[in-house]
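First comes the structure, then the notes that go with it.
The values are calculated or read from the model by the stated rules, or taken from the named source; none is laboratory data. What you see is a predicted model, and the numbers here were worked out from it, not measured in a lab. As a convention, Cβ positions derive from the backbone with ideal geometry for all residues, glycine included, and neighbour counts pool all protein chains shown. To get the accessible areas, we keep the full protein, side chains included, count just its heavy atoms, and leave off ligands, DNA and RNA. Shrake-Rupley method; radii C 1.70, N 1.55, O 1.52, S 1.80 Å.
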Amino acid sequence: MSLILFAFVVRVRDGLPLSASTDFEHNTELQERKQQLRTISKSLGRFPDRVTVKGRKLNIYFVSSEGVSYMSVCHSSLPVAKAFCFLEDLRWEFTACFDSAVISLAARPYPFLEFDNTIQKLKQQYNQTGGPALEVTLAEVQEELRIRPPQVISLDEVELTNGTANGHIEQSATSAGINQRLEPVTAPGILSLVLNIMCASLNVIRGVHLIENTFQDDSEATWKVAAFFIAFLCCSLQCHLYLFHSSLKKLKSFLLLAAIVLCNLHLLGVRNTWQLLFHVSVASLSTSLTLTRRLQHRSDDCGV
């Protein structure tokens, strides 16, 4: 049984994949760990330079040094010292092949494909012999781990650290939100958009009609006109919020819903009860669909 299943070399500053071992095993937990490993690689600056991530049968280990992180997925039966000894050997081999200038200038994923063979050989050596060829190397790593043990974190902590707890991704930075893609629009979503556009149109038509007929003679109509146009604006913003990713989506959705409800309550004398219920129902449907439309998960495997 292979104890070291996957190895990965990434640049710390931006998580750019530099090299990786070829994956011959396809069990579910391994694929989960690989995805979590790539998620961690996007925010390595938040972690210490030596970390163990505890899984069920498979653990993640990584070491960061001189702007490069060396990561692996290993079976939990592999001693921690041997896992970090593998990463130290991987680091030594990589730094012997590539200097910091070349690493810094890399602009595309996996620019050092030729190093994959070295990773495979190193993996094979550890998987066949159970450890490094030189016991003195293992002893040194054991002593280093005794003096400065790696930080041990759980998979839940990894998800929380990267903003993906319970499958919900919260983007605080506007620049991050721009690059996010939402799940495809569903049939109920299309219906919601059509109804929202209809409500927005009715609001602006009724607002203009009220201006033409009563605005000059009735000061109270000023507030009703404002209510129509605010409701029109809120309906338009609901469409935008459903179609595009936005930070603070939940807060914005509820604020827009509350504004539409208040506007329609103010217009109760102009609209009958059924019209009011129609507009509030459409706004509620749009809010519900906006909150349940998730970000689309992208695979970072890049064919490896």
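How high is the FRET efficiency between residue 77 and residue 14 when r is their beta carbon distance and R₀ equals 41 Å, given to the nearest 0.05?
Numbers: r = 34 Å, r/R0 = 0.82.
Between residue 77 and residue 14 the formula returns 0.75.
What's the FRET efficiency of residue 92 with residue 56 using the Cβ-Cβ distance as r and R₀ = 25 Å, to the nearest 0.05? Intermediate values should be presented prior to the final figure.
Details: r = 31 Å, r/R0 = 1.22.
Approximately 0.25, to the nearest 0.05.
At 0.36 nm per residue, and after removing the present C-alpha to C-alpha distance, how many nm does the segment from residue 221 to residue 143 gain when stretched out fully? Write down the numbers at each step before the final one.
On the way: separation 78, 0.36 × 78 = 28.08 nm, distance 8.12 nm.
Result: 20.0 nm gained on full extension.
Subtract the Cα-Cα distance of residue 211 and residue 2 from 0.36 nm times their separation in residues, and report this length gain in nm to one decimal. Write out the running numbers ahead of the final one.
Values: separation 209, 0.36 × 209 = 75.24 nm, distance 7.71 nm.
Length difference between fully extended and current span is 67.5 nm.
Ignoring ligands, DNA and RNA, what accessible area per residue does the stretch 1-131 give at 1.4 Å, in Å²? Walk me through the intermediate numbers first.
Numbers: 5680 Å² over 131 residues.
Accessible area per residue, the stretch 1-131: 43 Å².
List, in order, the whole-Hz ³J(HN,Hα) value for each residue of the stretch 28-45 obtained from phi through the Karplus relation with A = 6.51, B = -1.76, C = 1.60 and θ = phi - 60°; use x for Gly and Pro.
4, 5, 4, 5, 5, 5, 4, 5, 5, 4, 5, 5, 4, 4, 6, 9, 5, x
If I stretch the segment between residue 156 and residue 247 completely, what's the gain in nm (0.36 nm per residue apart, minus their alpha carbon distance), one decimal?
In short, 30.5 nm is gained.
If each of residue 104 and residue 22 carries a label point 7 Å out from its Cα toward its Cβ, how far apart are those two points in nm?
Going from the residue 104 label point to the residue 22 one covers 3.4 nm.
Which distance in nm do the two modelled labels at residue 254 and residue 120 give, with both placed 7 Å along the Cα-to-Cβ direction?
Each label point is offset 7 Å from its Cα along the Cβ direction, giving 5.4 nm.
Set the Förster distance to 45 Å, then compute FRET efficiency between residue 66 and residue 294 from the Cβ-Cβ distance, nearest 0.05.
Details: r = 38 Å, r/R0 = 0.84.
Calculated transfer efficiency: 0.75.
Measure up 57/249; 54/250; 57/250; 54/123; 34/250 against 28 Å on the Cα-Cα distance and list the ones that go over.
Details: 57/249 37 Å; 54/250 32 Å; 57/250 37 Å; 54/123 20 Å; 34/250 31 Å.
The answer is 57/249; 54/250; 57/250; 34/250.
Taking H as built 1.01 Å from N, whose amide H comes closer than 5 Å to the amide H of residue 6, not counting residues under 5 places away?
Excluding prolines and chain starts, which carry no amide H, the hits are 73.
In what sequence, highest mean first, do 112-121, 183-192 appear when ranked by Cβ atoms within 10 angstrom? Could you put the intermediate results ahead of the total?
Details: 112-121: 15.3, 183-192: 13.3.
Ranking the peptides 112-121, 183-192 by packing returns 112-121, 183-192.
If Rh is defined by the Kirkwood formula over all Cα pairs and Rg also comes from Cα, what ratio Rg/Rh do you get for the stretch 1-128?
Numbers: Rg = 13.4 Å, Rh = 14.4 Å.
Result for the stretch 1-128 is an Rg/Rh of 0.93.
Please give the residues of the stretch 243-271, grouped as numeric ranges, whose backbone N is less than 19 Å from a label point set 7 Å along the Cα-to-Cβ vector of residue 186.
So the set is 243-246, 249-250, 253-254.
Residue-wise, which Karplus ³J(HN,Hα) couplings in Hz belong to the stretch 275-290, taking 6.51 cos²θ - 1.76 cosθ + 1.60, θ = phi - 60°, and x for glycine or proline?
Ordered by residue, 3J(HN,Hα) equals 5, 4, 5, 4, 5, 5, 5, 4, 5, 5, 4, 4, 4, 4, 5, 5 Hz.
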